[in-house]
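The values are calculated or read from the model by the stated rules, or taken from the named source; none is laboratory data. Model, not experiment: these values are computed from the prediction. All Cβ positions, glycine included, derive from the backbone under ideal geometry; neighbour counts span all protein chains shown. Calculation scope for accessible area: heavy atoms of the full protein, side chains included, ligands and nucleic acids excluded. Shrake-Rupley method; radii C 1.70, N 1.55, O 1.52, S 1.80 Å.
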Amino acid sequence: MKKIVIAAVAGICAISVWAGSEAAYPAAWKTFTAVNTPLMEAGGALPGCDADVSSLPKVYQETVATYCAVKEGGPGAVEILVSPSALATYKARNGTFQDGDTLILHLKELQVLFVTSYKDHKPLYGVYDETGKDVASAEGSGLHPNDCRTCHTGYEAFGINGQMGTLK
Ligand code: HEC
């Protein structure tokens, strides 16, 4: 019994450090609509990790650094997927997302989904592999919901209510 209690306490501590994804796994992600953003027009891939991004806005410099932390050399091909319910708001870029509205940055080569989904009109963040395994990581790793929030909510000039990319 004592062992079980210790294991349970250790488990809770591990969870509070690791935290995991806030947004739920969007099981229907394959049915979402791919949108065309400036990122897609730049070739559907984020700049390589050794690219000179010093002339770009700071938000993009930090974004490149974040995605390079995911995989050395950069994550490779990406696409942005939007749930049917969120499409009109995404396009209008007015931040009026409803419960369950979901946006995905799909790292295609890594088979990873960066997920933003909405509850009470506020963005929640998560990281999953394509099969739904939660792969969010410790705070500061770039793969923790708070890391996502720092950038997505922090750069107000670039984002609106958690949405970053603009439609072209
Ligand atoms: C340092 C900044 C930064 C961090 C950290 C960051 N992102 Fe992003 N993210 C961006 C930018 C910039 C775009 C828009 C790219 C484009 O389309 O031009 C974006 C796009 C997205 C999109 C596509 C929809 C949209 O908002 O345009 C999703 C979903 C997303 N990110 C989720 C996440 C998640 C989940 C995390 C944390 C694991 C995360 N992001 C971390 C900057 C960041």
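At-a-glance table
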item: Any hit, the stretch 70-84, residues being surrounded by fewer than 19 Cβ atoms within 10 Å (Cβ to Cβ), near the ligand (Cβ under 9 Å from one of its atoms), at pLDDT below 95 and in a loop (DSSP other than H, G, I, E, B); result: no
item: Selection from the stretch 135-168 of residues that are of a type in the set (Asp, Glu), open to solvent by 50 Å² or more (accessible area, probe 1.4 Å) and out of contact with any helix residue (DSSP H, G or I) (no Cβ under 6 Å at 6 or more places or on another chain); result: GLU156
item: All positions within the stretch 29-59 that are touching a Pro at 6+ places or on another chain (Cβ under 9 Å) and either at pLDDT below 65 or within 15 Å of the ligand (Cβ to nearest atom) (or both); result: PHE32, THR33, ALA45, LEU46, VAL53, LEU56
item: The lone exception for ASP101 - which of (1) closer than 20 Å to THR33 by Cβ; (2) among the charged types (D, E, K, R); (3) at pLDDT below 95 it fails; result: (3)
item: Check on GLY132, more than 11 Å from the ligand (Cβ to nearest atom) and farther than 21 Å from ALA92 by Cα; result: yes
